[in-house]
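Written out below as structure tokens is the structure these notes cover.
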Amino acid sequence: MGTKIKILLLTLLSALPIMAQRKTFTLEDLNAGGVRYYEMTPERRYYTWWGDELLRLEVADIHIINKVSGAETPLFSLDELFDRKEGGTDMIGINLLNATFPYKDKSLARLDAPGKRVLYDFKSKQIAWSQASEGSLEWNKHSRVDAFSRDNNLWIRLEDGTERQLTEDGSADIVYGRSVHRDEFGITKGTFFSPDGGRLAFYRMDQSMVTDYPQVNTFDRIAVCEPDKYPMAGMKSHEVTIGVHDIKAAKTVYLNVGKPADRYFTNVAWSPDGSRIYLYEVNRQQTIATLDEYDAVTGDKLRTIEKEEDTRYVEPQHPIIFVPWDSNKFVAWSQKDGYWHLYLYEAEAGKCLRQLTRGAWVVLDVLGFCKETNSIIILANRDNHLQRNIYAVNLVTGAMQTLDNGKGVHDVQLSEDGRFLVDRWSEPELPRAYCLTEVPSSLQKKGGVAQKKLFESPDPWAGYAVPQYLTGTLTAADDTTMLHWRMVLPPDFDREKSYPTVVYVYGGPHAHMVEASWHWASRSWETYMAQNGYIVFVLDGRGSENRGKAFEQVTYRHLGQEEMRDQMRGVDYLRSLPYVDAERLGVHGWSYGGFMTVSLMTNYPDVFKVGVAGGPVIDWKWYEVMYGERYMGTPEDNPDGYAKTSLLARAKDLKGKLLLITGLNDPVVVPQHVLQFINACNEAGTYPDFYVYPGEGHNMKGHLSVYLHERITHYFRQFLR
């Protein structure tokens, strides 16, 4: 098949007997719902910024850090609040890990207790201000206005505690101030304060025309129907408008977007002076996105600044960001050159000045700006697909400089003026570490960055029988594209033996599974399976994220097909290994991975002996409008694609043992998928196994997740010995 293998991590593959004294893991250790899970994860440190002052947070104490020496000095403790009458019992429930410091020039900490928000002056040791916070959606530090929801309507609390109702027709059908379009297009909330907090933009979603999906509550003696609004591909979707409330004038206007049916409005942003609103409009077909500017006072549309089209799909994910020291310039994201990159615009002229980043890699996040160096600070995978590194990009020249050690996967907290950052990262053999980086000094240095180490977590798995983690590359089914894989081998791996092997798969958009973090980002269940004598293999095929538009869009209108071809390239590689038992191959995945599991089990029935599919999509005509139509079109305009990707007709081809798992009240991949597949199997005379979690949604949370993964493991133990 012309597969090219490149081993990125050299790991001893000879027999390594486990020492008798080395401990073994349980799912209580490894699973996120387990009683010892947090003891077994790399130790964390919690930092935040007070202007340019670095603070370390604990549950009951906060320390200020000297950025030169690293010495820590107590700032204040929780005891101080309870020692004073001002705190009293109203402050019970405060956790200082959640403290924020909204004003760089004031000694005020924002603290949140159940139902209450306070500003605590840690110098005078007095509570300077407080406000109720029931139902809070968003709070603005400048106006100290709180947007909140009550009885399905949108309200605000003013700084003095006065409450004002902004809407009156809220209901299950008319939704205010909440995330819309089912959280697609980067939407995570439904309220947006202007920079000074003087105006509030908010979503209004009319979903009265959307079909009710009849979810059932089986916990009452007589089961009760508790329907969800669920717009399926090709069916009626909800209609969205955007309101703007002027807090001083106590007046609300709605943006004049025209008829909102069959369009999406996303990535709301404000001009620095709060007079204009910017947003992206996407057509129902998701082939055209426009960046539009509106007058925040009248609601009138002023102009379209940019229009982006694609014959397949566009999917804006990020609002524009104004340069803090220049109100006439903003940065916008676009994938128009084939990769997510940044572009600098002049606001008044409404024109693009220059492309800031470019190349066969993607910008992953914008962290902020550093005025002193005239740069924007970003995360990107420029130097390695598997890494996430920190860079400063000059806004004039586009010059790009690394601000970290050039390894691993990094996350960042940037100080208010961008001069300093806390860098938290991990590497395949480094659980977690933190350092302080000074941006201007780093950009002036040659051959390194100005860093001060803050903390490095010890290995929480020391003394345990730890599996071996490998990574490498192989060539995709197009015989051109390079793909990354991860393999987990038993702790006592012996290359002279033959092992049952499980392919863990996701395969869908907006996700990846292999990266250069601790243990190559291996999931804890993979460790548990390896301990139980299995090899686990994971491959990020075409269609997964952060590799550019062509890589991601190859699956367009026929989801699952190219992904299966790539996964089978991985199987070809596994079959080439003498220690993989090709007669004992299994496959497991959840959600899109559940769809892939059933697809592989039925399209390659003689390859996979056992599969476990959780929350699987079975037929894309039963999936939601926004996601489904982006990647598949509608059932009416792409009947062949929907027919080809539907697994109902494949039920007759099932040969191996297949366990289907679903939450009975799954609002994401509704239970209709798995139930109809079981019905198709019944009619075809193929009989999968089925397990359901009453009252649960798309994922099992808490301790229930431990039992879930034990059940999955048991199924492979039972049938993939």
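Points worth noting:
- For the range 274-286, the condition holds for at least one residue, the condition being that it is assigned to a loop (DSSP other than H, G, I, E, B), at pLDDT 95 or above and charged (D, E, K, R).
- Residues (in contact (Cβ under 8 Å) with a residue 24 or more places away in the chain, within 16 Å of Asn546 (Cα to Cα) and part of a strand (DSSP E or B)) located in the range 366-396: Val366, Ile378, Leu379, Arg388, Ile390
- Some residue of the range 586-600 being in contact with an Asp or Glu (Cβ under 7 Å, 6 or more places away or on another chain), open to solvent by less than 10 Å² (accessible area, probe 1.4 Å), over 20 Å from Arg486 (Cα atoms) and β-branched (Val, Ile, Thr): no
- Annotation note: of Ile94, Ile65, the sole residue that is at pLDDT below 95, touching a strand residue (DSSP E or B) at 6+ places or on another chain (Cβ under 9 Å) and open to solvent by less than 60 Å² (accessible area, probe 1.4 Å) is Ile94.
- For Leu443: the one exception among (1) of a type outside the set (Lys, Arg); (2) in contact with a strand residue (DSSP E or B) (Cβ under 6 Å, 6 or more places away or on another chain); (3) closer than 28 Å to Ala360 by Cα; (4) at pLDDT 95 or above: (4)
- Which listed residue is modelled with pLDDT of 95 or more and either over 25 Å from the mean Cα position of the chain (by Cα) or farther than 16 Å from Leu367 by Cα (or both), from Leu403, Leu430, Leu421: Leu430
- Filtering Arg630, Arg717 for residues that are basic (Lys, Arg), buried (at least 17 other Cβ atoms within 10 Å of the Cβ) and outside any loop (DSSP other than H, G, I, E, B) leaves a single hit, Arg630.
- Scanning the range 563-605 for residues that are part of a strand (DSSP E or B) and either under 26 Å from the mean Cα position of the chain (by Cα) or basic (Lys, Arg) (or both) yields Arg584, Val587, His588, Gly589, Trp590.
- Gly418, sole failed condition from (1) over 18 Å from Ser517 (Cβ atoms); (2) open to solvent by 50 Å² or more (accessible area, probe 1.4 Å); (3) not in a strand (DSSP E or B): (2)
- Residues that are open to solvent by less than 30 Å² (accessible area, probe 1.4 Å), within 20 Å of Pro195 (Cβ to Cβ) and of a type in the set (Gly, Ala, Ser) within the range 115-170 comprise Ser143, Ala147, listed in sequence order.
- Some residue of the range 315-332 being closer than 23 Å to His385 by Cβ, open to solvent by 70 Å² or more (accessible area, probe 1.4 Å), within 28 Å of the chain's Cα centre (by Cα) and of a type outside the set (Phe, Trp, Tyr): no
- When residues of the range 645-694 are limited to those that are part of a helix (DSSP H, G or I) and within 32 Å of the chain's Cα centre (by Cα), the one surrounded by the most Cβ atoms within 10 Å (Cβ to Cβ): Phe677
- Sub-6 Å Cβ pairs linking a first residue in the range 430-453 that is of a type in the set (Lys, Arg) to a second residue that is in a loop (DSSP other than H, G, I, E, B) and surrounded by 14 or more Cβ atoms within 10 Å (Cβ to Cβ), at least 6 apart or interchain, are Arg432/Pro42; Arg432/Ser457, ordered by first then second residue.
- Whichever residue in the range 435-480 is within 29 Å of the chain's Cα centre (by Cα) and of a type in the set (Gly, Ala, Ser) and, among such residues, is nearest to Leu54 (Cα to Cα): Ser457
- Residues (part of a helix (DSSP H, G or I) and either out of contact with any Asp or Glu (no Cβ under 9 Å at 6 or more places or on another chain) or open to solvent by 20 Å² or more (accessible area, probe 1.4 Å) (or both)) located in the range 695-714: Leu704, Ser705, Tyr707, Leu708, His709, Glu710, Arg711, Ile712, Thr713, His714
- Meets criteria (out of contact with any Lys or Arg (no Cβ under 6 Å at 6 or more places or on another chain), surrounded by 17 or more Cβ atoms within 10 Å (Cβ to Cβ), within 30 Å of Asp169 (Cβ to Cβ) and at pLDDT 95 or above) for Trp270: yes
- Selection within the range 469-505: residues that are among the aromatic types (Phe, Trp, Tyr) and within 10 Å of Leu539 (Cα to Cα). The member of this set that is least open to solvent (accessible area, probe 1.4 Å) is Trp485.
- Just one of the numbered conditions (1) more than 15 Å from Asn267 (Cα to Cα); (2) within 27 Å of the chain's Cα centre (by Cα); (3) acidic (Asp, Glu) is not true of Asp300: (2).
- Tallying residues that are outside any helix (DSSP H, G or I), under 16 Å from Arg630 (Cβ atoms) and open to solvent by 20 Å² or more (accessible area, probe 1.4 Å) within the range 547-562 yields 4.
- Selection count, the range 144-157, where residues are touching a Ser or Thr at 6+ places or on another chain (Cβ under 9 Å) and within 17 Å of Arg110 (Cβ to Cβ): 4
- Flag if Ile288 is free of Cβ contacts under 8 Å to residues at least 40 places away in the same chain, open to solvent by 10 Å² or more (accessible area, probe 1.4 Å) and touching a strand residue (DSSP E or B) at 6+ places or on another chain (Cβ under 6 Å): yes
- Selection status of Trp520, within 22 Å of Trp425 (Cα to Cα) and either open to solvent by less than 10 Å² (accessible area, probe 1.4 Å) or among the charged types (D, E, K, R) (or both): no
Per-residue answers, yes or no, for (1) crowded, with 16+ Cβ neighbours inside 10 Å; (2) basic (Lys, Arg); (3) on the phi > 0 side of the Ramachandran plot; (4) not in a strand (DSSP E or B):
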position: Phe185; (1), (2), (3), (4): yes, no, yes, yes
position: Thr188; (1), (2), (3), (4): no, no, no, yes
position: Ala201; (1), (2), (3), (4): yes, no, no, no
position: Phe219; (1), (2), (3), (4): no, no, no, yes
position: Gly234; (1), (2), (3), (4): yes, no, yes, yes
position: Gly243; (1), (2), (3), (4): yes, no, no, no
position: Val257; (1), (2), (3), (4): yes, no, no, yes
position: Ala261; (1), (2), (3), (4): no, no, no, yes
position: Phe265; (1), (2), (3), (4): yes, no, no, no
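- Residue within the range 492-504 that is closer than 29 Å to Val363 by Cα and either in contact with a helix residue (DSSP H, G or I) (Cβ under 9 Å, 6 or more places away or on another chain) or not small (Gly, Ala, Ser) (or both) present: yes
- Checked against (1) open to solvent by 30 Å² or more (accessible area, probe 1.4 Å); (2) in contact (Cβ under 8 Å) with a residue 24 or more places away in the chain; (3) among the charged types (D, E, K, R); (4) more than 30 Å from Pro694 (Cα to Cα), Asp640 passes all but condition (2).
- When the test is whether a residue is open to solvent by less than 20 Å² (accessible area, probe 1.4 Å), farther than 21 Å from Gly611 by Cα and in a loop (DSSP other than H, G, I, E, B), Pro509 passes it.
The values are calculated or read from the model by the stated rules, or taken from the named source; none is laboratory data. Keep in mind that this is a model prediction, so the values were computed, not measured. Quick reminder, even Gly has a Cβ in these numbers, built from the backbone with ideal geometry, and neighbours come from all protein chains shown. The accessibility values were calculated without ligands, DNA or RNA, using every heavy atom of the protein model including side chains. Shrake-Rupley method; radii C 1.70, N 1.55, O 1.52, S 1.80 Å.
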